[in-house]
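Remarks on the structure that follows.
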Amino acid sequence: METIVKNRIKQIKNGDQNAFAEIVELYKDKVFQLSYRMLGNRHEAEDIAQEAFLRAYVNIHSYDTNRKFSTWLYRIATNLSIDRIRKKKPDFYLDAEVVGTEGLTMYSHVAADVALPEDEVESLELQTMIQTEILKLPDKYRSVIVLKYIEEMSLKEISEILDLPVGTVKTRIHRGREALRNQLRHV
């Protein structure tokens, strides 16, 4: 796949704008998933994915063809996601109690997308709880946890994406896991 991508990049650098559409098709789902796991919001993840592809296209001439394109693209998406996290301040919290009710939270106002069978409900709740706790991690730990355990990337790939030494990545993964474990003790 890297060979195909590198050929398309050569075409883009030679002025063929349509070649980039193939690259978008190859990576759009992965870039969206990465952004979604970092942000926890579908619309923001779509915006970040679009922005990542736009930045990749605009800066394609600065791409070093000796490196993996996917790593370069994921780095762009990760940095954009981290920037969005830093700028974003929550207006409300779903676990905040609704004024004038006894124990009713904002969760009660969130509509369910689909009806799930009873045996899947517990699994879904656990996944949601874990994702919520991941979103509470500091961004330096959140990014390595998402890349390592959700995107299943190697330490070397994470190191390249975040532009950090492998040792630092290992340390952040360890500390992120510890923080997540502490957050999930009540489960």
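Results, tabulated for the structure shown:
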quantity: Condition broken by Asp29, with the remaining ones in (1) in a helix (DSSP H, G or I); (2) more than 21 Å from Glu160 (Cβ to Cβ); (3) not hydroxyl-bearing (Ser, Thr, Tyr) satisfied; calculated: (2)
quantity: Scope region 135-187; condition under 12 Å from the mean Cα position of the chain (by Cα), charged (D, E, K, R) and open to solvent by less than 50 Å² (accessible area, probe 1.4 Å); matching residues; calculated: Asp139, Arg142, Glu151
quantity: Region 49-63, residues that are in a helix (DSSP H, G or I), touching a residue at least 12 places away in the same chain (Cβ under 8 Å) and either farther than 18 Å from Glu25 by Cβ or of a type in the set (Phe, Trp, Tyr) (or both); calculated: Phe53, Tyr57, His61
quantity: Conditions (1) farther than 21 Å from Thr128 by Cβ; (2) buried (at least 20 other Cβ atoms within 10 Å of the Cβ): number failed by Gly15; calculated: (2)
quantity: From Leu80, Leu54, residue being closer than 16 Å to Lys13 by Cα and of a type outside the set (Asp, Glu); calculated: Leu54
quantity: Index of the failed condition, Ile60 passing every other in (1) farther than 23 Å from Val144 by Cα; (2) open to solvent by 10 Å² or more (accessible area, probe 1.4 Å); (3) in contact with a helix residue (DSSP H, G or I) (Cβ under 9 Å, 6 or more places away or on another chain); (4) not basic (Lys, Arg); calculated: (2)
quantity: Residue tally, condition in contact with a Leu (Cβ under 9 Å, 6 or more places away or on another chain), modelled with pLDDT under 90 and either over 20 Å from Ser70 (Cα atoms) or in a loop (DSSP other than H, G, I, E, B) (or both), over region 137-187; calculated: 3
quantity: Flag for Leu73 being over 22 Å from Ile12 (Cβ atoms), among the aliphatic types (A, V, I, L, M), in contact (Cβ under 8 Å) with a residue 40 or more places away in the chain and in contact with a helix residue (DSSP H, G or I) (Cβ under 7 Å, 6 or more places away or on another chain); calculated: no
quantity: Residue count, region 8-19 (criterion: free of Cβ contacts under 8 Å to residues at least 40 places away in the same chain and under 30 Å from Val146 (Cβ atoms)); calculated: 2
quantity: Residue match in region 26-42 (condition: out of contact with any Cys (no Cβ under 7 Å at 6 or more places or on another chain), open to solvent by 80 Å² or more (accessible area, probe 1.4 Å) and hydrophobic (A, V, I, L, M, F, W, C)); calculated: no
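Each row is one residue, and each column tells you yes or no for (1) within 22 Å of Ala45 (Cβ to Cβ); (2) touching a Gly at 6+ places or on another chain (Cβ under 6 Å).
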| site | (1), (2) |
| --- | --- |
| Leu135 | yes, yes |
| Lys140 | yes, no |
| Ser154 | no, no |
| His186 | no, no |
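The values are calculated or read from the model by the stated rules, or taken from the named source; none is laboratory data. Keep in mind that this is a model prediction, so the values were computed, not measured. Quick reminder, even Gly has a Cβ in these numbers, built from the backbone with ideal geometry, and neighbours come from all protein chains shown. Side chains are part of the model used for accessible areas, which takes the heavy atoms of the whole protein and leaves out ligands, DNA and RNA. Shrake-Rupley method; radii C 1.70, N 1.55, O 1.52, S 1.80 Å.
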